[in-house]
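Report on one structure; see the data block that follows.
The values are calculated or read from the model by the stated rules, or taken from the named source; none is laboratory data. Keep in mind that what you see is a predicted model, and the values were worked out from it rather than measured. Cβ atoms come from the backbone with ideal geometry, glycine included; neighbour counts cover every protein chain shown. In case anyone asks, the SASA skips ligands and DNA or RNA and just uses the protein heavy atoms, side chains included. Shrake-Rupley method; radii C 1.70, N 1.55, O 1.52, S 1.80 Å.
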Amino acid sequence: VRDGNAEGASALFDRNYEQRQNEASRLILDTVSDKFADVNEKFNAGHALVAAAQNILLILFAIAGVGMVLLSFWLSSFISAPIRELADAVKKIGDGDLKTRVKASTRDEIGLLASEFNEMTARLEKSYQELEERVSIRTSELELKVTELENLREAMIKTAETFEKMRKKGDRESAK
């Protein structure tokens, strides 16, 4: 421009402008590239963290699943053991063992059922003993009656034999 060459000045300006544009573009691209690399690195780190969290969650769910299965087995045996004990006691009583009792170890419905079962068994045992006593008394009375009847029968046989002898003796005396 000082030399009066406007075209040269314009070309120089355009070259400088383009050069600055290229430098700015490179600077922006480098900055974007650096930021993209940072974002990509953070994304990969976050992805790795999510994958690790997923693995930990899967392990925790597996442990929880196994724990639930074990808990359900324990709980079912905890609930069914007193019921099995009660069923075994019912079978023994059905077989005639009225001395059988069950442990009423809890205060829930099963413990209440066990208590009621024990009370019922005690009443049943008492009734059975009373019945046996009555049968024993009746048997003794019956044996006494049978003995009396046998004695009466023997007395009647002896009386009949005596009458028969007297009749035969009377027939002999009348025949004479």
Given the options Lys165, Lys99, Lys126, state which has the largest fluctuation in a GNM of the chain using a 10 Å cut-off (strictly under) for Cα springs.
-> Lys165
Of the residues Gly4, Ile63, Ala114, the Cα lying farthest along the dipole of the chain towards its positive end, which is defined by charges on the beta carbon of Lys, Arg, Asp and Glu, belongs to Ala114
Lys/Arg Cβ at +1, Asp/Glu Cβ at -1, dipole of the stretch 122-176 taken about the Cα centre: which of Met166, Gln129, Met156 is farthest positive-ward?
-> Met166
What is the dipole size for the stretch 99-176, taken about its Cα centre, with +1 at each Lys and Arg Cβ and -1 at each Asp and Glu Cβ, in debye to the nearest 20?
-> 580 debye
Given the options Gly96, Gly46, Gly111, which has the most mean-square fluctuation in a GNM of the chain, springs set between C-alpha atoms less than 10 angstrom apart?
-> Gly46
Helix 6-94 versus the longest principal axis of the chain: what angle, 0 to 90°, nearest 10, using Cα atoms?
-> 0 degrees
For the stretch 95-147 and the stretch 7-57, write down the distance between their C-alpha centroids in whole Å.
-> 95 Å
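Counting Lys and Arg as +1 and Asp and Glu as -1, each charge on the Cβ, what is the dipole of the chain about the Cα centre in debye, to the nearest 20?
Numbers: 26 positive and 30 negative charges, 325 e Å.
The dipole magnitude comes to about 1560 debye.
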Say we join alpha carbon atoms closer than 10 Å with springs in a Gaussian network model of the chain; which of Leu149, Leu71, Leu58 then has the biggest fluctuation?
-> Leu149
Probe 1.4 Å, accessible area per residue of the stretch 20-130, Å² | 82 Å²
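Mean 1/r over all different Cα pairs, inverted: what Kirkwood radius does the stretch 1-154 give, in Å? Can you show the working numbers first?
Numbers: mean 1/r = 0.0379 Å⁻¹.
About 26.4 Å, per the Kirkwood formula over Cα pairs.
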Got a number for carbon plus sulfur as a percent of the chain's accessible area, 1.4 Å probe?
-> 62 percent
Pairwise FRET efficiency - Leu27 versus Leu58, Cβ, R0 = 35 Å, nearest 0.05 | 0.15
